[in-house]
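Chemist: Take this structure first; my questions come after.
Nothing in this text is a laboratory measurement; each read-out follows from the coordinates by a stated rule. Keep in mind it's a predicted model, so treat the numbers as computed, not measured. Cβ: placed from backbone, ideal geometry, glycine included. Neighbour counts: every protein chain shown.
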Amino acid sequence: MRKKLIAGNWKMNQTVTEAGHYFEKFKVKAREDVDLVFILPFTDIPVAKFFISRSSIGLGAQNMYPAESGAFTGEISPLMLKDLGCTYVICGHSERREILGESDEFIARKVKCALDHDITPILCVGETKDEHDAGKTEEKIETQVRAALEKIPTDKVSNVVIAYEPIWAIGSGAAATADEAEAVAKLIRQIVKNIAGKKVSDQVRILYGGSVNAGNINDFTGEKDIDGALVGGASLKPEEFISIYQKA
Ligand code: G3H
């Protein structure tokens, strides 16, 4: 039985002051059956930790450099994240792939480094609108999933969370249909099975991301292979994010 996961990715939003106001309003009744995680800008992580330290809410970062320390100006290491209380990190969000040119190979190094430091990587995969329209979704997903997982020891693959985020659905207000998302989640589970075996593929958590809100979360979490959501815009509104968590 896989535990559901709702992760709120604030992206590059909320100053420390704004984050403080947010968490003053964020009062939620914890659920045993759903993990809740905030994936925050680095600067907001300490303030979030102050507010949620006595709860079961998890903390994560949006990026990490795959080395413990060194001459990597502007980067953040897994040791720094762990010291801040982060137990999750996003690897390969499409915005970083597209805007910052992150390659499958570099993302694979981040996923492996996160696992080596007992940080749960949330590996993002997804196709562009052009790839979707050209019927290339499966090919793209297989390439991205294989690149990130093939060099990881089989026994560690179940610790990776995979988020299917069709790029055309992100921030558009037009989410994929639950059927579309489930078809890709099922494909991802099959790819994981081919790489690491059935036991691992049954354990790995697969999220959907792309214009998730309080009105459509149930459509996705009602699907067999979808174990939760990576929520962007709607996680910036405390009441709506609480509602998403409660409905998941
Ligand atoms: O990481 C989150 C996703 O990119 C989804 O963003 O919910 O604003 O569409 P969105």
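Chemist: Let me have the 222 nm mean residue ellipticity of the chain computed from DSSP H runs of 4+ only, each contributing -39500 (n - 2.57), with the sum over all residues rounded to the nearest 500. Before the final figure, lay out each step's value.
Modeler: Details: 12 runs with 106 residues, N = 248.
Theoretical 222 nm ellipticity from helices: -12000 deg cm²/dmol.
Chemist: Check cross-link reach from Lys136 to the lysines: straight Cα distance under 25 Å, and skip same-chain residues fewer than eight apart.
Modeler: By straight Cα distance, Lys136 reaches Lys151, Lys186, Lys193, Lys224.
Chemist: Quick one: order Ser94, Ser158, Ser69 by neighbouring beta-carbon count within 10 Å, fewest to most.
Modeler: On the way: Ser94 21, Ser158 18, Ser69 11.
Exposure proxy ranking, most exposed first: Ser69, Ser158, Ser94.
Chemist: Whose amide H sits under 5 Å from the amide H of Thr120, counting only residues 5 or more places off or on another chain, with H placed in the peptide plane?
Modeler: Tyr88, Val89
Chemist: Same structure, new question: Cα centroids of the stretch 79-132 and the stretch 207-248: how far apart, whole angstrom?
Modeler: One Cα centre to the other: 20 Å.
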